[in-house]
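Undergrad: Below is one structure. I have some questions about it.
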Amino acid sequence: MEVVLRQDVDKLGLRGEVVSVARGYARNYLLPRGLAEPATPGLVRELEKRDAVRARHEAKSVDEARAIATRLEAGELRFDVSAGPTGSLFGSVTATNVADRLWESEKIRIDRRKLAMDSIKRVGRYTVPIELFADVTAELRLVVAPEGVEPPVENVPEPQAETEPETEPQAETEPQAETEPQAETEPASAAPDPEPVAEAVAVAEEPPDDESGELAEAPSE
């Protein structure tokens, strides 16, 4: 089914856009949370008129776009937010929030879809590219932090010059005197093999005659 987003939804769309979603997703998630409403014909016509009015305030030429870019890059846009101790926001700053703030504070109308940004969910300083016109892009600086708090500037360390590791000079060692070759020694003669010991032949005693006169069988080895 088609719905009109009432708020920016990550990976789905921006506020005011008409999107097509699964009926279950709309009824179980988007509509109960107030994130969207059914796209009725009357609502769609109203949104189209609103977009046409906004388009009239956008840059119409390269020179006008360059003038807007100069104004945007001259300052920064601040958002006072609530955040936890780790810097995570209780909410987010979206492209729609940025476009609305530019219109409220600077009277500059920007198409939200031209902001190259994802939803901001942490305290910090951000640079967002904005496509104002063909071949005209500006960089908008954002400050997202709790009220009265200045987030640290991200310092990019400069690359250090490569230095060769210093090695301590080794002490010169005197050459060792050549040693005279040792006289070859004749290999020691192998000890004579011991004379073979005569194997003792065990003489089996003849078994005594059986009373019956038969010889007893000798046990097999």
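The values are calculated or read from the model by the stated rules, or taken from the named source; none is laboratory data. As the structure is a prediction and not an experimental result, all values here were calculated from the model. Backbone-built Cβ (ideal geometry, glycine too); neighbour counts: all protein chains shown.
Conditions tested, residue by residue: (1) under 34 Å from the mean Cα position of the chain (by Cα); (2) under 20 Å from A95 (Cβ atoms).
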{"residue": "M1", "(1), (2)": "no, no"}
{"residue": "V4", "(1), (2)": "yes, yes"}
{"residue": "D10", "(1), (2)": "yes, yes"}
{"residue": "V19", "(1), (2)": "yes, yes"}
{"residue": "Y25", "(1), (2)": "yes, no"}
{"residue": "G34", "(1), (2)": "yes, yes"}
{"residue": "P38", "(1), (2)": "no, no"}
{"residue": "P41", "(1), (2)": "no, no"}
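Undergrad: Among all residue pairs at least 6 apart or on different chains, which show Cβ distances below 6 Å where the first residue, located in region 138-153, is under 30 Å from V62 (Cα atoms) and the second is part of a loop (DSSP other than H, G, I, E, B)?
TA: So the pair list comes out empty.
Undergrad: Tell me, which residue of region 1-24 that is under 24 Å from A52 (Cβ atoms) and basic (K, R) is surrounded by the fewest Cβ atoms within 10 Å (Cβ to Cβ)?
TA: Once the filter is applied, the top-ranked residue is R6.
Undergrad: Please determine whether any residue of region 16-28 is at pLDDT below 90, within 19 Å of M117 (Cα to Cα) and either out of contact with any Gly (no Cβ under 7 Å at 6 or more places or on another chain) or not in a helix (DSSP H, G or I) (or both).
TA: Yes, there is a match, as at least one residue in region 16-28 is at pLDDT below 90, within 19 Å of M117 (Cα to Cα) and either out of contact with any Gly (no Cβ under 7 Å at 6 or more places or on another chain) or not in a helix (DSSP H, G or I) (or both).
Undergrad: Still on this structure, please answer the following. Residue by residue through region 20-35, note down the ones that are touching a strand residue (DSSP E or B) at 6+ places or on another chain (Cβ under 8 Å) and over 14 Å from Q7 (Cα atoms).
TA: The answer is S20, V21.
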